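Worksheet: one structure, shown below.
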Amino acid sequence: MDDTGSVVAFWALAVLTVGSALGAAAVRDLVRSVVCLVATFVGVAGFFVLLSADFLAVAQVLIYAGAISVLMVFAIMLTPRAERNNAETFFRWPALAIALSLLGTIAAVALTTDWATTGQGFEETASVIGNALLSTYVLPFEIASVLLLAAMVGAILLVQED
Amino acid sequence: MEHLLAEWYDIRDLGNAVGHFLTWVDDRGGPSWLPYFVSGIIGVVAILLWAVLSQLGFVWIERRLIGRIQVRLGPNRVGPFGLLQPLADALKVLTKEMITPANVDRLLFWGAPAVVVMPALVVFAVLPFGEHMQLTDLSVGLLFVIAVGSVNSLIVFTAGWSSSNKYSLLGAMRTIAMLISYELIQVLALLAVAVYTNTMRMGGVVAWQDHYNVWLIFLQPLPVFAYALAGAVEINRTPTDIAEAESEIVAGYHTEYGGIRWGMFQVAEYIAGFAIAAIVATVYLGGWTLFGLEEWVPGWLIFLGKVYTYFFLFIWLRGTLPRLRIDQLMGFAWKYLLPLMLVNILVSGFEVLIWQEKDLSAGVVLPIFAIVNAGLTVAMMVGWARVMGHTGSIGEPRRAQLISDVGGVYYEPLPGGRA
């Protein structure tokens, strides 16, 4: 993070990410909001690239920018009251308070944590992550997949007609 | 640029010339970022030029070929054999008025065509045109091409939604629905490749196929078929151009676009077509290698040959097949392809495990796997189709089926030949 290129890239990505995140919250139109959110996801993927975590970056684009945003688009399209857009709501101030306290918590954790860096660089992060997921962290991995399966079965059960 | 193979004038790999140029820049004592910058610019300009020229060429080739398939002439007036027709078309599109309807969401309406070509072009960054002719060998190249492709569909959706036209919106929704269905198929198809080659680098996949002297199409026949179909769906080409089916929803997501904005969608569709062809050529057809011939023939010519041959297949399909219905296409992905692809992943995993655990020699084991997988693919496809209730009529149709299907009356021809 010392050379000029990285610094320029960091600040450009920071502007993109934070700016479009603000846009996602502030824009009235829901679909524009989703587009802003996609820009945020892409910016976060850029940060992963800066951190040499290329697998995470591509997974971020694939899952968040590609899949989650599509899910949101579907939700907007299939919600009858979506044309109401980001209207005034009763929850405005509570939501702001929760968001600010979350920001404070994350910032405090980020500033106080002693970030450990591994001495060696990884040639390919994908294989390291894969090995870790299927050896050290195999139990959470399996639990997550069972949870997703249960969610899928539940969704099918919910929409089943009979 | 430490492993240069040959002199700069060795055209078997244009990376040689670029590499020598970069060393020359480096020797002059330029700053350390300069070679990266220069090589990046060279790569991007080369890919852009190639894509645009290929497109201009293939617009003509496609129209002539489709004309031939449909027993008509095709463009033959502008220049010799109509060769200048693409240029005339490009000029026409460039100079046409761009109409913006009154109720559109202007920001998104103008933004979508501006960025729509980008994902299709970015894919080429990870595809090797030759051993040293690759912009960047990402360690997650296989995932990268899928991720970028999924972003493409989102831009198409934005275009359709911002037009505030119901046909555009229908086209946009269809794009998203097909993206969800076929992205899964693409991932599973490329996952089987990663299982075999033990790498997600595009360069590594090509090197694996070169090392074992086998193309992955022989080891993975089902994923090739699935990926080809999913790719055709992703780029909206004719058997699967459901998002712009002109007989149903005018022109789908680009109904309201005209002039160069429409032209951008057209360019993006073509370049994405080349991208799919190039991915198939790299991943399943051995990339720039051809069983040792790349020693004599430039690897990039072999690669381009494969890409263009595959793109010809797209044109052929377009001229031959009628458009599918959206429920047919979605059902095919979820009910038919998905189970087969999952079985294929399982089988591939077992094969690789057997190969590695028993430490068998590749020369023995790969032909066996190829035969097993080919047999299994045919058996699964036919068997699953039977299970799904498609028996299929094999043999010569004796008379037109449609007449009896709609309740019409068919008269057997009289012996004299009169009906």
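See the values below:
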| item | result |
| --- | --- |
| Inter-chain shielding of B:107-118 (mean C-beta neighbours from other protein chains, 10 Å cut-off) | 1 |
| Shielding by other protein chains, A:69-77, mean Cβ within 10 Å | 4 |
| Sorted peptide list for B:185-192, B:350-357, A:95-102, criterion being average Cβ within 10 angstrom, highest first | B:185-192, B:350-357, A:95-102 |
| Helix-only [θ]222 nm of chain B, DSSP H runs n ≥ 4, -39500 (n - 2.57) each, per residue, nearest 500 | -21000 deg cm²/dmol |
| Distance between the stretch B:225-286 and the stretch B:78-151 - C-alpha centres, whole angstrom | 11 Å |
| Helical segments meeting 15 Å axial Cα length and Kyte-Doolittle 0.0 threshold in chain A (DSSP H) | A:4-26, A:30-50, A:92-112, A:138-159 |
| Highest to lowest packing among A:137-148, B:131-142, scored as the average C-beta count within 10 Å | B:131-142, A:137-148 |
| Charge context of residue B:258, other residues only, Cβ under 10 angstrom, K/R +1, D/E -1 | 0 |
| Sequence ranges B:382-390, B:335-343, ranked by mean other-Cβ count within 10 angstrom, highest first | B:335-343, B:382-390 |
| Efficiency of FRET from Cβ geometry, residue A:7 and residue B:25, R₀ 22 Å, rounded to 0.05 | 0.40 |
| Length-normalised contact order of chain B in % [C-alpha pairs under 8 Å, at least 6 apart] | 19 percent |
| Residue A:29-residue A:78 pseudo-label distance in nm [points 7 Å out on the Cα-to-Cβ vector] | 2.4 nm |
| Full-stretch length increase - residue A:95, residue A:153 - with 0.36 nm per residue and alpha-carbon distance subtracted | 17.7 nm |
| Net charge, residue B:104 excluded, C-beta distance under 14 Å - Lys, Arg +1, Asp, Glu -1 | +1 |
| Packing-based exposure ordering (other Cβ within 10 Å, fewest first) of B:27, B:210 | B:27, B:210 |
| Along each principal axis, Cα extent of the stretch A:1-87, largest first, Å | 50, 24, 10 |
| Shielding by partners, peptide A:59-65 (average Cβ within 10 angstrom, other chains) | 4 |
| In nm, spacing of pseudo-spin labels at residue A:110 and residue B:325 (7 Å Cα→C-beta vector) | 5.2 nm |
| Spatial extent of the stretch B:96-329: Rg and Dmax, with the Cα atoms as the point set, Å | 18.3, 60 |
| Per-residue Cβ neighbour rank within 10 angstrom, fewest leading, B:247, A:6, B:162 | B:247, A:6, B:162 |
| Cα gyration tensor category, rounded, prolate or oblate, for the protein assembly as shown with a/c compared to 1.5 | rounded |
| Whole-number Å³ per residue for the convex hull built on Cα positions in chain B | 213 Å³ |
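Every number in this text was worked out from the coordinates using simple rules, so none of it is lab data. Note that the structure is predicted; figures quoted are calculated from it, not measured. Please note: Cβ atoms are built from the backbone with ideal geometry, for glycine as well, and neighbour counts cover all protein chains shown.
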